[in-house]
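Okay, structure first, notes after.
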Amino acid sequence: MNYRHPSFIRHVAAMVCAFALATAAAAQAPARPALPLGNLGLEHLDIVVPDTEASARFYMRVFKTALHQQQMQTGLRYFILLGDLPADRQVGYVAIGAGQGRPSIGHYCVLVNVYDRAGMGRAMEAAGFPGIRGTGGLGMWPDPDGIELQLFQPPAGLVTAAVKSPLPIEGDGLVTPRGVDHVLLRVANLERSLPYYRAVYGMNLEGQRDAQGRVWYRLDKGTRIGLQQAAAGQSPAIEHFALKVAPFDRDALTMRLRTLGVRTLPSPDEPDVFRFEDNNGIVVELRVAD
């Protein structure tokens, strides 16, 4: 090939020009906005209790799964796995952390395609919403009532510091968990909260209000976030969490919960749902996965 031939020189020049134009176009292309989130569904949630060991023992008497733990400054943090633990550790879970106040559901976590923390901070500030709480690579995003959202970008799943727990458990669990189904958030003023959730998750994910006046956001992987107006005298909080589970024996579970000294809760509006309070009064809902 004659590298000095005019036609070859023109060909190379055209290629260089095309590459330069493509690079410039890519640089000028608008970045994907930080909000609404490109969500990948609910991954895990966190409960805060005075006695993490007692809580872990309770959940392992209910759920047929593996228990993991992680050493923290405040003691052991336990993880109730919501499925088998694969090699890449991509599994949902219920984390049990220590807290001296009233037992509660501390936060919920949503996976996102890209977690642009700085971009989300700018978007939240521009919209007049609260900024992130905490420092470092994580942190929590509070809604107008202070209910906390945690965001992870895959790979996420069970933290690498968590190892299988040697905590002895009396007997086996009865229900096989398959992941998070939803969280229901109790907000002080539903109309005030909606602009925040529309900005974070997008109007296209917002459903119609149900018979109880709740608004649901349908996220990826068949997971949901619900908003419910707090009744007079109620404080904003995560009202309950719901898990997807395999078919189970309701009578056997009712007897087990009675043995554990906790209440089952009626669900007249949803007869296929099974609700109960855990050993700290936190409301848990079970929904058989399709």
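The values are calculated or read from the model by the stated rules, or taken from the named source; none is laboratory data. None of the values given here were measured: they were computed from a predicted structure. Cβ coordinates were reconstructed from backbone atoms using ideal geometry, including for glycine residues, and neighbour counts include every protein chain displayed.
Each row is one residue, and each column tells you yes or no for (1) of a type in the set (Ser, Thr, Tyr); (2) surrounded by 13 or more Cβ atoms within 10 Å (Cβ to Cβ).
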position: Ala161; (1), (2): no, no
position: Pro166; (1), (2): no, no
position: Thr176; (1), (2): yes, yes
position: Val180; (1), (2): no, yes
position: Leu190; (1), (2): no, yes
position: Tyr197; (1), (2): yes, yes
position: Gly202; (1), (2): no, yes
position: Trp216; (1), (2): no, yes
position: Gly226; (1), (2): no, yes
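Given the conditions (1) exposed (fewer than 13 other Cβ atoms within 10 Å of the Cβ); (2) part of a loop (DSSP other than H, G, I, E, B); (3) at pLDDT 95 or above; (4) aliphatic (A, V, I, L, M), which single one is not true for Val262?
Result: Val262 fails condition (1) only.
Between residues in segment 204-225 that are under 24 Å from Gly92 (Cα atoms) and not assigned by TED's automatic domain parsing to the domain that holds Glu191 and residues that are of a type outside the set (Ser, Thr, Tyr) and exposed (fewer than 15 other Cβ atoms within 10 Å of the Cβ), which pairs lie under 9 Å by C-beta distance while being six or more apart or on different chains?
Pairs found: none.
Condition test on Val245, is it β-branched (Val, Ile, Thr), closer than 24 Å to Pro130 by Cα and not assigned by TED's automatic domain parsing to the domain that holds Tyr108?
So Val245 fails the test.
Kindly provide the set of residues from segment 238-290 that are of a type in the set (Lys, Arg) and more than 24 Å from Pro103 (Cα to Cα), ordered by number.
Arg250
Under the condition of being touching a Leu at 6+ places or on another chain (Cβ under 6 Å) and hydroxyl-bearing (Ser, Thr, Tyr), which residue from segment 79-113 is surrounded by the fewest Cβ atoms within 10 Å (Cβ to Cβ)?
Only one residue tops the list, namely Tyr108.
Here are some conditions: (1) out of contact with any Gly (no Cβ under 9 Å at 6 or more places or on another chain); (2) among the aliphatic types (A, V, I, L, M); (3) at pLDDT 95 or above; (4) surrounded by 15 or more Cβ atoms within 10 Å (Cβ to Cβ). Met120 meets all but one. Which one does it not meet?
If we test Met120 against (1) out of contact with any Gly (no Cβ under 9 Å at 6 or more places or on another chain); (2) among the aliphatic types (A, V, I, L, M); (3) at pLDDT 95 or above; (4) surrounded by 15 or more Cβ atoms within 10 Å (Cβ to Cβ), just (3) comes out false.
Since Phe79 meets every condition but one in (1) over 25 Å from Leu184 (Cα atoms); (2) modelled with pLDDT of 95 or more, which condition does it not meet?
Just one mismatch for Phe79, condition (1).
Could you check, for segment 180-194, whether at least one of its residues is in a loop (DSSP other than H, G, I, E, B), in contact with a Pro (Cβ under 6 Å, 6 or more places away or on another chain) and more than 29 Å from Ala289 (Cα to Cα)?
yes
List the number of the failed condition for Gln153; all other conditions in (1) free of Cβ contacts under 8 Å to residues at least 24 places away in the same chain; (2) in contact with a strand residue (DSSP E or B) (Cβ under 8 Å, 6 or more places away or on another chain); (3) more than 29 Å from Ala188 (Cβ to Cβ) hold.
(1)
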